[in-house]
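Please read the structure below before turning to the comments.
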Amino acid sequence: MVEDKSKEEIFILIGKKHNYTTQTDTEGQFRTSFIIPNEDVQEIKQTLKNDQVITYQAVGDNGDQWEGKVHLLERRGLSIISDIDDTIKISEVVDKIRLVANTFIHGFRVVSGMPEVYRGWKERYNCSFHYLSAMPDQLYAVTKDFIDDHQFPDGTFHMRHFRWSSASIYNFVHSVDTKMHKINHLRYFIFNSLRSLVLIGDSGERDPEIYGFVARKYPKRVHQIFIRAVKGEKGDEERFLKAFEGVPREKWMVFTDPINELPKDLNITLSPS
């Protein structure tokens with residue numbers, strides 16, 4: 001909630017039939033889950049323009065109200081799971097000073113060509129997009145504005161919560177917890193659906209190592225991997241060969257120029273849902 005009020009009772013309203021109650025934790029955050037019958041979901045979808053998204057209302061015990069989105073995923077299909085910083089937004093996470101400046105001082109800058117590539121995939125495959133980031137969820141609002149302003153496909157956001165006990169934003173982004181944050185979310189997609197995954201990240205963080213690990217462990221689920229080389233690295237460099245050891249070479253690619261290097265055709269045939 002906006003004021004991050006702890007122990008606040010939250011009422012969640014979905015459609016006309018479903019009301020749920022939860023409570024914020026000590027940092028004013030809440031996480032909950034519930035099951036809605038498919039027939040009720042279909043009924044709600046009929047009242048909305050986008051049949052892949054339904055909305056909900058979250059009402060605080062003081063009467064404040066906010067609207068959120070629930071993105072609906074078919075069991076089968078294609079999911080594009082994309083990092084944000086230095087993949088689609090220039091952050092320079094390898095440099096402490098520039099990371100802070102690009103995050104909190106300067107306006108967000110887009111990686112040229114990435115919006116066009118993502119929109120092309122969305123139009124061609126009607127795929128879902130999931131933005132998996134090491135950045136604090138306190139930056140969600142400005143990050144969502146960045147996605148909208150540059151006309152990236154809408155999607156879900158999976159960010160980490162920054163606690164003031166963290167030493168710095170740089171250490172927060174590069175921590176072991178960030179690695180596990182990404183691995184655990186990728187496992188969630190794998191365990192809870194039969195969707196094919198395209199993973200996109202960059203060489204500034206541990207994305208090659210994380211994606212390589214997941215691709216080796218779940219080879220049938222990871223369709224392709226694309227890594228943006230933030231320093232102009234080549235795909236035959238030792239780091240990438242080690243990170244993707246055991247992953248077929250045709251499954252992964254290191255790129256610098258999205259428009260000219262990333263494929264428009266992902267060479268995938270999607271099964272019926």
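The values are calculated or read from the model by the stated rules, or taken from the named source; none is laboratory data. Owing to the predicted nature of the structure, the values given are computational and were not obtained by experimental measurement. Ideal geometry is used to build each Cβ from the backbone, glycine not excepted, and the neighbour counts take in all protein chains shown.
Observations on the structure shown:
- Glu205 meets the stated requirement of being out of contact with any strand residue (DSSP E or B) (no Cβ under 6 Å at 6 or more places or on another chain), assigned to a loop (DSSP other than H, G, I, E, B) and either surrounded by 13 or more Cβ atoms within 10 Å (Cβ to Cβ) or not assigned by TED's automatic domain parsing to the domain that holds Leu132 (or both).
- Residue within segment 220-228 that is part of a helix (DSSP H, G or I) and either surrounded by 13 or more Cβ atoms within 10 Å (Cβ to Cβ) or not small (Gly, Ala, Ser) (or both) present: no
Residue-wise test of (1) surrounded by 15 or more Cβ atoms within 10 Å (Cβ to Cβ); (2) at pLDDT 80 or above; (3) in a strand (DSSP E or B).
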site: Ile10; (1), (2), (3): yes, yes, yes
site: Asn19; (1), (2), (3): no, yes, yes
site: Asp25; (1), (2), (3): no, yes, no
site: Gly28; (1), (2), (3): no, no, no
site: Ile44; (1), (2), (3): yes, yes, no
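- Condition check for Asn260 on (1) at pLDDT 95 or above; (2) loosely packed, with under 13 Cβ neighbours inside 10 Å; (3) assigned to a loop (DSSP other than H, G, I, E, B): one failure, at (3).
- Filter pass, Gly60 being in contact (Cβ under 8 Å) with a residue 40 or more places away in the chain, surrounded by 14 or more Cβ atoms within 10 Å (Cβ to Cβ), at positive phi and of a type in the set (Gly, Ala, Ser): no
- Meets criteria (modelled with pLDDT under 90, part of a loop (DSSP other than H, G, I, E, B) and not assigned by TED's automatic domain parsing to the domain that holds Tyr188) for Gly107: no
Conditions (1) at pLDDT below 90; (2) farther than 23 Å from Glu92 by Cα; (3) assigned to a loop (DSSP other than H, G, I, E, B), marked per residue:
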position: His181; (1), (2), (3): no, no, no
position: Ser193; (1), (2), (3): no, yes, yes
position: Gly212; (1), (2), (3): no, no, no
position: Val230; (1), (2), (3): no, no, yes
position: Glu233; (1), (2), (3): no, no, yes
position: Arg239; (1), (2), (3): no, no, no
position: Ser273; (1), (2), (3): yes, yes, yes
